[in-house]
Amino acid sequence: MDHLFDWYNMSETRRVRFAKFKLQGLAKMYWMSVETRLEREGQEPIMTRVEMKAELKKKYLPLTFRDRLLDKLSNLKQGKMSVKEYMNKFDELVVRCDIHDRFCTGLRPTLQREMLPYTVKSVDETFQLALDIESYL
């Protein structure tokens, strides 16, 4: 939805109204209860998409979700995957838990060893170097 909001340059108020409109089933009922609770407690209604996302995450995203993703990321090993396949798995986990600095730890030890003399500043540079070394080896 964020891409849609950016494309149509919607205001925050319209973003919240549109997102609320798109909710279905139990999520719609839950949101109605949030609005009722805020009104009953004399609090301001939720007016920004960031606040709305945070409220929905509290309900629908388990507290352990990010921890489980971090565990998967920590345990991700290249194994028999190519560097490209490993990068795809890495990207998927990194985007979901917003961490970008663990790419090398899961590469095969031979690749890690070959990369030691090089100084890289980003995951993309590390990925390109790993691809080059993999093709050379």
* Residue-wise, which Karplus ³J(HN,Hα) couplings in Hz belong to segment 124-129, taking 6.51 cos²θ - 1.76 cosθ + 1.60, θ = phi - 60°, and x for glycine or proline? -> 4, 5, 4, 4, 4, 4
* **Packing-based ranking, highest mean first, of 89-97, 35-43 given that Cβ atoms within 10 Å are counted** => 89-97, 35-43
* To do: Quote the charge dipole size of the chain about the Cα centre in Debye, to the nearest 20; the model charges only the Cβ of Lys and Arg (+1) and of Asp and Glu (-1).
  => 580 debye
* Structure fact -> Phi angles of segment 41-49, converted by Karplus (6.51 cos²θ - 1.76 cosθ + 1.60, θ = phi - 60°) into ³J(HN,Hα) in whole Hz with x for Gly and Pro, give 7, x, 8, 5, x, 6, 10, 10, 5
* Structure fact -> To the nearest 20 debye, segment 2-60 has a Cα-centred charge dipole, built from +1 on Lys and Arg Cβ and -1 on Asp and Glu Cβ, of 260 debye
* Between F5 and L61, what is the FRET efficiency for a Förster distance of 25 Å, r being their Cβ-Cβ separation, to the nearest 0.05? -> 0.75
* Asked: Does anyone have the angle between helix 25-40 and the longest principal axis of the chain? Alpha-carbon axes, 0 to 90°, nearest 10?
  -> 60 degrees
* Roughly how many nanometres apart are two label points built 7 Å out from the Cα toward the Cβ at K77 and Q43? -> 4.6 nm
* Give me the angle, in degrees from 0 to 90, between the Cα long axis of helix 83-97 and the longest principal axis of the Cα atoms of the chain, rounded to the nearest 10. => 30 degrees
* Straight-distance crosslink candidates among lysines, where the alpha carbon sits under 22 Å from K121 and sequence neighbours closer than 8 are dropped -> K77, K84, K89
* Asked: Dipole of segment 65-136, Cα-centred, from +1 at each Lys and Arg C-beta and -1 at each Asp and Glu C-beta, to the nearest 20 debye?
  -> 300 debye
* **Hz values of 3J(HN,Hα) by residue in segment 107-119 - Karplus curve (6.51, -1.76, 1.60), Gly and Pro given as x** => 5, 4, x, 5, 5, 4, 4, 5, 8, 3, x, 8, 9
* Asked: Mean 1/r over all different Cα pairs, inverted: what Kirkwood radius does the chain give, in Å?
  -> 18.3 Å
* Helix 12-22: angle to the longest alpha-carbon principal axis of the chain, degrees 0 to 90, nearest 10? -> 90 degrees
* **Extended-chain gain in nm, criterion 0.36 nm per residue less alpha-carbon gap, S33 and C97** => 20.2 nm
* Can you tell which of P117, S74, L129 lies farthest toward the positive end of the dipole of segment 65-136, using +1 and -1 charges on the Cβ of basic and acidic side chains (Lys, Arg; Asp, Glu)? -> S74
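The numbers here are math on the coordinates, done by the rules we state, and not lab data. No experiment lies behind these values; they were computed from the predicted model shown. Glycine also receives a Cβ, built like all others from the backbone with ideal geometry; neighbour counts cover every protein chain displayed.
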